[in-house]
Amino acid sequence: MRVIKNKLLAKRKSQQGFVAFTSLIVISAVTLAIATSVALMGIDHAQGSLSISKNQETLAMTKSCAEEALIRLRNVASYSGGTLNMTAGSCIISISGTGGNKTIDITSNISGPPTYTKSVRLTVKRIDGSINIVSWQEL
C-alpha cells in the first residue's frame, strides 16, 4: 500500500512539473511576441519619420533649383536648363516654350537608399527682364 501511495505522489509531482514547464513556455512565447511587436512598431515609426524628413529635404532642394532656374532665365532669355549638382543630390532642369511664355520642369533626386524624387512644373512669363510665376504644380 505504501508503495502505491509513493507512486501516486511521484506521479502528481511529475504532472505538476509538466504543468509548470508548459506554463513557462506559454508565458515566454507571449512575452516574445509582445517584444517583437513593439520592436517592429518602433522600426516602422523610424522609417516613417525618415521618409517625411527626406521628402521635406527633397522639396527644399526642388525649390532651390527652381529659384536658380528662374534667376538664370531672368539673366539669359535663351537659358534652356541643365543639371545642378548639390551636396545631397541633383536637379535636372528643362525649359521649353517660345517668346516670354516658358515652362520649367524640374526633377530633384536625393541619393538614398532609397532615392527620393520630387518633380515640379512651373509656368512663367518673362516680361522686360522680370519673371512672373503663373503656376507651380507638383507632378
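The values are calculated or read from the model by the stated rules, or taken from the named source; none is laboratory data. The model shown is predicted, which means the values in this text are computed figures rather than measured ones. Here Cβ is always computed from backbone atoms with ideal geometry, including for glycine, and neighbour counts include all displayed protein chains.
Would you point out the residue of the range 119-139, among those that are of a type in the set (D, E, K, R) and either in contact (Cβ under 8 Å) with a residue 60 or more places away in the chain or surrounded by 13 or more Cβ atoms within 10 Å (Cβ to Cβ) (or both), that is farthest from Leu70 (Cα to Cα)? I'd like the intermediate steps shown before the answer.
Applying the first criterion (of a type in the set (D, E, K, R)) to the range 119-139 yields 121, 125-126, 128, 138.
With the extra rule that they be either in contact (Cβ under 8 Å) with a residue 60 or more places away in the chain or surrounded by 13 or more Cβ atoms within 10 Å (Cβ to Cβ) (or both), the set shrinks to 121, 125-126.
Numbers: Arg121: 12, Lys125: 11, Arg126: 10 Å.
Checked the range 119-139; the qualifying residue farthest from Leu70 (Cα to Cα) is Arg121.
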Of the residues that sit in the range 72-104 and are under 27 Å from Leu50 (Cβ atoms) and not hydrophobic (A, V, I, L, M, F, W, C), which one is surrounded by the fewest Cβ atoms within 10 Å (Cβ to Cβ)? Thr87
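Every residue, every condition in (1) outside any strand (DSSP E or B); (2) within 14 Å of Ile133 (Cα to Cα), yes or no:
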residue: Lys63; (1), (2): yes, yes
residue: Glu68; (1), (2): yes, yes
residue: Arg72; (1), (2): yes, no
residue: Ser78; (1), (2): yes, no
residue: Leu84; (1), (2): no, no
residue: Ser94; (1), (2): no, no
residue: Ser108; (1), (2): no, no
List the residue pairs whose Cβ atoms are under 9 Å apart, where the first residue sits in the range 96-118 and is at positive phi, the second is assigned to a strand (DSSP E or B) and modelled with pLDDT of 90 or more, and the two are 6 or more positions apart or on different chains. Gly97/Thr103; Gly97/Ile104; Gly97/Thr123; Gly97/Val124
